[in-house]
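Worksheet: the structure to be examined is printed underneath.
Nothing in this text is a laboratory measurement; each read-out follows from the coordinates by a stated rule. Since we're looking at a predicted model, the values are computed, not measured. A quick note on method: Cβ atoms are made from the backbone with ideal geometry, for glycine too, and the neighbour counts reach across all protein chains shown.
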Amino acid sequence: MKASSFFIATLKEAPADAEVVSHKLMMRTGMIKRLSAGIYSYMPMGLRVIRKVEAIIRQEMDRAGAIELLMPVVQPAELWQETGRFGKMGPELMRVKDRHERDYIIQPTSEEVITDIARQELRSYRQLPKNFYHIQTKFRDERRPRFGLMRGREFTMKDAYSFDRDEAGARRSYESMSDAYRAIFDRFGLQYRAVAADTGAIGGDLSQEFQVIADTGEDAVVYCPTSEYAANIELAEAVSLLGARGAASAAMVNTPTPGCSTCEQVAGLLGVPLTQTVKSLVLATDETDDSGLVTRTTVWLLLVRGDHSLNEVKAGKVPGLKGGFRFATVAEIDAHFGCKPGYLGPVGTRQAVQVVADRTVANMHDFICGANLEGHHYTGVNWGRDLPEPDLVADLRNVVEGDPSPDGQGVLAIQRGIEVGHVFYLGTKYSQAMGATYLDESGKPRLMEMGCYGIGVTRLLGAAIEQNHDERGIIWPVSMAPFEVVVCPIGYDRHAEVRAAADQLHDELAAQGVDVILDDRGERPGAMFADWELIGVPLRLVLSERGLKEGMVELQGRREAAASRVEQASAVAQAVERLKTRQ
């Protein structure tokens, strides 16, 4: 391909609203064009990358035995009402009406539609297992779309759905997809981690995220450098930092702490380590009748060490909080503790509360907590002596770097990541809600066991750029690059010898199956090189009149600081070999 017949529209500066590196570089390279908040047109350069990503995904999905179909972007609300998600999903779900005032949604995912297909088409055990996938436009009405394709409203996703006879079969399908995802991300040439994750709104009880490692990632990836343990911080297990509870050695004293409403302030005033303090967080759960009227409210006091933070996902797994919780109101806090937040604690509450202690807090002794009196904290507090044992002990906190690994094989490290893929074992969550059954060997109906598996196709572009860039622009892995090689002739429009050699080099590379572009625009060398460094093409071949007289051309990888002079006759072979040895 020649540049003059393609569409290249680079910018020297990124638009003012572009925040992260990937957004800025995708705008500057002309890969995307903003239409509205979180909605972009994929321009020719960007679409080439998307198509390469899709091709790799298709190849590995097909190799794993998945079958491609295509489901609609617009879906009838009735299916989502069957599973209850039409009402439960928040404003991110775009709801629309047709001319007959019938409700529809613009799909953020397709569990309902694929389950509807399965219940109609998969009637016998002989038809199972099956795994269907599609690559399709999705829409989620993000409250604050940002970061270009990283958190847009309209995006492209590959989602797959497996159907099996039983749990054992479903878990085999899950593992098959997990392996396929590793093959996919290996081929992209990106540094990534597969981490245990919370199932979130999708549901199910087994889940794994694929995180591309990048300093600008929104997610915290927890891992043990000396073992295989890895998890999203929402799911990473925090073990107790105290092996056993020590014996009480101090009396409980109501100590004045004027103006000290945080653990940090209290520890500073009293001259004690922050690790000696306990932080109190007050939650509430509501029971309702059939009309939705609240009939009973339970107040919960969650305790974490002063230097730790509450993990709300973990809190949502505590028995009694699984059905959903909220933070207590000021009035509820006053009724149960007789004090405003900042001085709350588990000793001597006015009304009964459910006390849940983090594992570390449950093993603390002589600790400091709020006295339920403004300007005061208790020091020397001990379980069993000064207050009852907690109602529950649970893992409530976010892990921190240096915590012991839950597998006992070392200590934890944390790095930032960008979620680009997710695999779920769903069980019968959707098949039960929608009556998706098959007839087993004895002719009895049984619910299908399901899994679902997503890859953010367009998000991958942003993640790859966040991980691979420098001050000059993007550095694409070969497998994702819009072009693998760019031929840059100096004086293409002025020197017949240069033009002929460049055309020949281009044609020979193309004949070898290389995705090559020839820059025939007649640009000055500096501007031409800057464009292709910005775009991030992995290899560049430079031809000049002087070099050709010596039988030489220049070959330079995008990550290399200087070019290598190679013989013109071997340039194609060397370029092909270089492409084979690098991602």
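In this structure, is Gly46 free of Cβ contacts under 8 Å to residues at least 24 places away in the same chain, among the small types (Gly, Ala, Ser) and touching a helix residue (DSSP H, G or I) at 6+ places or on another chain (Cβ under 8 Å)? Walk me through it before giving the result.
Numbers: free of Cβ contacts under 8 Å to residues at least 24 places away in the same chain: no; among the small types (Gly, Ala, Ser): yes; touching a helix residue (DSSP H, G or I) at 6+ places or on another chain (Cβ under 8 Å): yes.
So Gly46 fails the test.
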Against the condition of a type in the set (Val, Ile, Thr) and surrounded by fewer than 17 Cβ atoms within 10 Å (Cβ to Cβ), how does Thr83 come out, does it pass?
no
Is there any pair with a first residue in segment 1-18 that is without any contact (Cβ under 8 Å) to a residue 40 or more places away in the chain and a second that is outside any loop (DSSP other than H, G, I, E, B) and surrounded by fewer than 15 Cβ atoms within 10 Å (Cβ to Cβ) whose Cβ atoms are under 6 Å apart and which are 6 or more apart or on different chains, and what are they?
Phe7/Pro44
Which residue is farthest from the chain's Cα centre (by Cα), if the candidates are limited to segment 391-420 and must be closer than 21 Å to Pro319 by Cβ and in a loop (DSSP other than H, G, I, E, B)?
Asp391
For segment 478-495, indicate whether the set of residues that are in contact (Cβ under 8 Å) with a residue 40 or more places away in the chain, farther than 19 Å from Tyr42 by Cβ and in contact with a Phe, Trp or Tyr (Cβ under 6 Å, 6 or more places away or on another chain) is non-empty.
yes
So Ala118 ticks every box in (1) of a type in the set (A, V, I, L, M); (2) touching a Phe, Trp or Tyr at 6+ places or on another chain (Cβ under 7 Å); (3) surrounded by fewer than 21 Cβ atoms within 10 Å (Cβ to Cβ) but one. Which box is left unticked?
(3)
A careful count of residues in segment 528-565 that are over 25 Å from Met480 (Cβ atoms) and of a type in the set (A, V, I, L, M) gives 4
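Do we have Ala502 as under 30 Å from Glu545 (Cα atoms), in contact with an Asp or Glu (Cβ under 8 Å, 6 or more places away or on another chain) and in a loop (DSSP other than H, G, I, E, B) here? Spell out how you get there, then give the answer.
Numbers: under 30 Å from Glu545 (Cα atoms): yes; in contact with an Asp or Glu (Cβ under 8 Å, 6 or more places away or on another chain): yes; in a loop (DSSP other than H, G, I, E, B): no.
Here the answer is no, as Ala502 does not meet what is asked.
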Collect the residues in segment 369-425 that are among the β-branched types (Val, Ile, Thr) and closer than 30 Å to Asp179 by Cα, keeping them in residue-number order.
Val399, Val400, Val411, Ile414, Ile418, Val420, Val423
Out of everything in segment 263-288 that is touching a Gly at 6+ places or on another chain (Cβ under 8 Å) and surrounded by fewer than 19 Cβ atoms within 10 Å (Cβ to Cβ), what residue ends up being nearest to Ile333 (Cα to Cα)?
Thr285
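If you take just the helices (runs of 4 or more DSSP H) that sit entirely in segment 514-583, which of them hold at least 2 residues that are hydrophobic (A, V, I, L, M, F, W, C)?
The qualifying helices (runs of 4 or more DSSP H) are 525-535, 571-580.
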If the Cβ limit is 6 Å and pairs must be 6+ apart or interchain, which residue in segment 59-80 that is of a type in the set (Asp, Glu) pairs with which residue that is in a strand (DSSP E or B)?
Glu68/Tyr133
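Considering only segment 426-498, give the strands (runs of 3 or more DSSP E) lying wholly within it that have at least 2 residues that are within 21 Å of the chain's Cα centre (by Cα) and buried (at least 22 other Cβ atoms within 10 Å of the Cβ).
Numbers: elements: 437-439, 445-447, 449-456, 485-489.
By residue number, 449-456.
Okay, residues lined up against (1) loosely packed, with under 14 Cβ neighbours inside 10 Å; (2) of a type in the set (D, E, K, R):
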position	(1), (2)
Ala16	yes, no
Arg48	no, yes
Ile56	no, no
Gly65	no, no
Pro76	no, no
Leu93	no, no
His100	yes, no
Tyr104	no, no
Gln107	no, no
All conditions in (1) under 30 Å from the mean Cα position of the chain (by Cα); (2) buried (at least 16 other Cβ atoms within 10 Å of the Cβ); (3) within 25 Å of His377 (Cα to Cα) are true of Phe327 except (2)
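Restricting attention to segment 250-274, and to residues there that are touching a Phe, Trp or Tyr at 6+ places or on another chain (Cβ under 9 Å) and outside any strand (DSSP E or B), which single residue is farthest from Glu312 (Cα to Cα)?
Of the residues in segment 250-274, the ones touching a Phe, Trp or Tyr at 6+ places or on another chain (Cβ under 9 Å) are 252-255, 257, 260-261.
If we keep only those that are outside any strand (DSSP E or B) as well, we get 252, 257, 260-261.
On the way: Met252: 30, Thr257: 29, Cys260: 25, Ser261: 22 Å.
Here the answer is Met252.
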Which one of Val423, Val399, Val411, Val381 is touching a residue at least 40 places away in the same chain (Cβ under 8 Å), over 30 Å from Val353 (Cα atoms) and buried (at least 22 other Cβ atoms within 10 Å of the Cβ)?
Val423
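Got at least one residue in segment 29-49 being farther than 29 Å from Thr216 by Cβ and either among the basic types (Lys, Arg) or in contact with a Cys (Cβ under 8 Å, 6 or more places away or on another chain) (or both)?
So in segment 29-49, the residues farther than 29 Å from Thr216 by Cβ come out as none.
For segment 29-49, residues farther than 29 Å from Thr216 by Cβ and either among the basic types (Lys, Arg) or in contact with a Cys (Cβ under 8 Å, 6 or more places away or on another chain) (or both): absent.
Residue-wise test of (1) polar (S, T, N, Q); (2) crowded, with 23+ Cβ neighbours inside 10 Å; (3) under 25 Å from Leu69 (Cβ atoms); (4) under 14 Å from the mean Cα position of the chain (by Cα).
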position: Lys130; (1), (2), (3), (4): no, no, yes, no
position: His134; (1), (2), (3), (4): no, no, yes, no
position: Arg143; (1), (2), (3), (4): no, no, no, no
position: Arg165; (1), (2), (3), (4): no, no, yes, no
position: Tyr174; (1), (2), (3), (4): no, yes, yes, no
position: Ser178; (1), (2), (3), (4): yes, no, yes, no
position: Arg182; (1), (2), (3), (4): no, no, yes, no
position: Arg193; (1), (2), (3), (4): no, no, no, yes
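Could you look through segment 289-316, keep only residues that are without any contact (Cβ under 8 Å) to a residue 12 or more places away in the chain and charged (D, E, K, R), and pick out the one that is surrounded by the fewest Cβ atoms within 10 Å (Cβ to Cβ)?
So, considering only residues that are without any contact (Cβ under 8 Å) to a residue 12 or more places away in the chain and charged (D, E, K, R), the one surrounded by the fewest Cβ atoms within 10 Å (Cβ to Cβ) is Asp290.
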